[in-house]
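The values are calculated or read from the model by the stated rules, or taken from the named source; none is laboratory data. Since the structure is predicted, the reported quantities are computational estimates derived from the model, not experimental observations. Note that each Cβ is placed from the backbone with ideal geometry, even for glycine, and that neighbours are counted across all protein chains shown. Side chains are part of the model used for accessible areas, which takes the heavy atoms of the whole protein and leaves out ligands, DNA and RNA. Shrake-Rupley method; radii C 1.70, N 1.55, O 1.52, S 1.80 Å.
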Amino acid sequence: MDRRDFLALAGSAVLGGVGAPAWAQTTDLADLPMAEVIARLRRRAVSPVDLVRACLGRIEKHDGALHAFITVTADTALADARAMEAEARRGRWRGPLHGIPIALKDNIDTAGVRTTGASRLFEQRVPDADAEVARRLKQAGAILLGKLNLHEFAYGGSSTVTAFGTMQNPWRRGHVTGGSSGGPGVAVAAGLCYASLGTDTAGSIRMPASHCGIVGLKPTYGRVSTRGVMTLSWTLDHVGPMCRTVEDTALLLKVVAGYDPAEPTSANVAVDDYSRALRAPTARLRVGLPQRAFFDNLDVDVADAVQEALGVFEELVASTADVVLPPTGPANRVWAPEALAYHAKWIAESPDKYQPGTRQALLNAKTADAAQYALAVRVVEQARRDIVKTFSAVDVLVTPTMKTPAPPLEGGPPGGGGNNNAVFDIFGLPTISVPCGFSRLGLPIGLSISGAPWAESTVLALAAAYERATDWHTRRPPLS
């Protein structure tokens with residue numbers, strides 16, 4: 001199916017009307033985007049203690065049903081907030097995130113706070129050092145509210161496999177959150193924290209971003225350090241922001257991006273001013289639309305929303321054109337053997353402490369052939385070279401993030417519903433998912449923008465332009 005056929009088959013959708021944001025008149029601090037509360041902090045309209053209490057109140061009220069958090073660090077968060085409030089009164093600001101309450105996916109190490117991977121295997125594991133990204137966030141002044149639920153050890157896309165309670169989609173209970181970063185998706189969407197970091201090996205940031213109606217960015221492979229993050233696949237793992245807006249995403253990325261000489265997969269490439277990039281012009285950008293697998297067999301609501309979004313893009317950019325991407329092999333031929341290598345000791349000693357689905361996936365990986373794995377890694381290396389050629393003809397690629405809205409927890413398709421994302425982990429490209437509509441059941445729909453390696457600024461610029469032209473990102477789940 002080419003683009004013309006796709007547009008002809010897709011029905012019409014109502015574009016979100018642009019006006020005052022839904023949060024503009026809110027009296028609930030937990031509903032505000034991060035950039036807005038930063039501005040209020042700087043002009044002393046709110047304090048870090050106000051923000052922490054707002055989030056803790058939202059957690060206490062709603063997380064018993066949502067299961068976003070594994071660990072809540074209420075006491076230390078309030079103590080940190082009081083200290084930062086005192087510092088702010090003296091004119092001392094630790095960094096751009098001074099006083100901002102965040103939470104982290106529970107496969108990211110945090111010193112003195114248990115990090116479980118959502119598994120009984122690590123139920124009492126307390127690291128003695130922060131992951132590099134956690135260190136950078138703390139240095140920037142962020143306050144840790146706690147650790148967030150996930151698909152066990154990030155080995156799945158539904159977030160239904162966990163030792164700490166199945167996560168519920170905040171837009172419609174009984175539907176999946178997407179995974180593996182389901183907890184971050186739920187927590188950010190529901191206002192339990194202002195931002196989070198997720199991990200992404202085959203779409204694990206962008207799937208929950210799409211299903212939970214938030215923004216999720218997988219940076220270029222090597223842009224953000226993975227040191228201190230539980231490994232799924234050294235070749236494919238990424239860490240990136242999960243936020244309510246593109247502006248918040250740019251702020252968070254700037255804090256965590258950059259070279260880490262102690263991490264072998266980290267790349268020594270200059271980091272842009274991502275916030276400044278949000279206002280970069282987009283009128284000369286050339287949009288590529290990958291065909292076949294990405295646009296075929298879309299749910300009708302997704303097709304409608306994507307069609308309407310493409311109409312918006314045509315007003316923002318110079319051109320759109322169909323493109324064909326270089327071939328890639330199945331990503332699981334890489335991640336399965338690497339996951340088994342990471343877990344080999346524990347799966348041999350304590351297989352009963354894994355959830356059945358995770359245990360079976362790891363045991364299945366034992367059948368992997370060494371030559372097949374070596375060839376699969378070689379395919380990834382070749383694909384990362386070949387994809388660069390695509391960007392001689394276009395500047396960005398646009399695709400539906402997921403082929404369906406969030407499916408039901410019971411009886412829905414495995415893996416979260418029509419994943420369009422793993423190929424961009426193979427290519428290692430910076431890719432963002434932004435909200436672009438809702439289904440008839442009120443479930444969010446996401447659209448992905450990918451750029452050339454290290455072109456996060458271009459991706460963010462176009463995502464921000466689309467966000468300014470629509471209001472999908474201003475919607476909040478109907479929590480009760």
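Here are the numbers for the structure shown:
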item	result
Segment ALA321-LEU375, extension gain: residue separation times 0.36 nm, minus the distance between their alpha carbons	16.2 nm
Between region 390-454 and region 211-227, the alpha-carbon center distance in angstrom	13
Spatial extent of region 247-361: Rg and Dmax, with the Cα atoms as the point set, Å	21.1, 58
Using θ = phi - 60° and Karplus 6.51 cos²θ - 1.76 cosθ + 1.60, couplings along region 292-297 (whole Hz; Gly, Pro as x)	6, 4, 6, 10, 7, 6
Positive dipole terminus of the chain, leading residue within PHE424, ILE38, ALA383 (C-beta point charges)	ILE38
Cross-link pairs LYS147/LYS254; LYS105/LYS366; LYS254/LYS353; LYS105/LYS345; LYS254/LYS366; LYS138/LYS389 - those with Cα-Cα distance over 32 Å	LYS254/LYS353; LYS254/LYS366; LYS138/LYS389
Cα shape, region 307-429, gyration tensor, a/c 1.5 rule	oblate
Cβ-based net charge around VAL334, under 11 Å, with every Lys or Arg adding one and every Asp or Glu removing one	-2
Positive dipole terminus of the chain, leading residue within GLY311, GLY141, LEU29 (C-beta point charges)	GLY141
TYR155 - accessible surface, heavy atoms, 1.4 Å probe, Å² rounded to 10	40
Amide proton proximity set for GLY157, modelled H, under 5 Å, gap of 5+	GLY415
Euclidean distance of C-alpha centroids, region 280-304 and region 257-275, integer Å	29
Three-way shape call for the chain based on the alpha-carbon gyration tensor, with the a/c threshold at 1.5	rounded
Cα-centred dipole magnitude for the chain, charges only on beta-carbon of K, R (+1) and D, E (-1), debye, nearest 20	820
Charge tally in the Cβ shell below 11 Å around SER196, where Lys, Arg are +1 and Asp, Glu are -1, SER196 excluded	+1
Residues with amide H under 5 Å from that of VAL323, placed H, sequence gap 5 or more	LEU289, GLN291
Mean separation of Cα contacts under 8 Å (6+ apart) over length of region 346-480, as relative contact order %	21
Radius 10 Å from Cβ of VAL377, net charge of other residues (Lys, Arg +1; Asp, Glu -1)	0
Note, ³J(HN,Hα) from phi for region 250-258, Karplus 6.51, -1.76, 1.60, rounded to Hz, x at Gly and Pro	4, 4, 5, 4, 4, 6, 9, 6, x
Difference of contour (0.36 nm per residue) and Cα-Cα distance, GLN124 to ALA469	119.5 nm
Amide proton proximity set for PHE69, modelled H, under 5 Å, gap of 5+	ASN149
Helix-only mean residue ellipticity at 222 nm for the chain, each DSSP H run of n ≥ 4 adding -39500 (n - 2.57), per residue, nearest 500	-11000 deg cm²/dmol
Net length gained if the chain between ALA111 and ALA74 were fully extended (0.36 nm per residue, minus Cα distance)	11.8 nm
Region 377-480 pair-distance distribution - Cα-Cα, 5 Å bins, rounded %	2, 11, 18, 19, 18, 14, 9, 5, 2, 0, 0
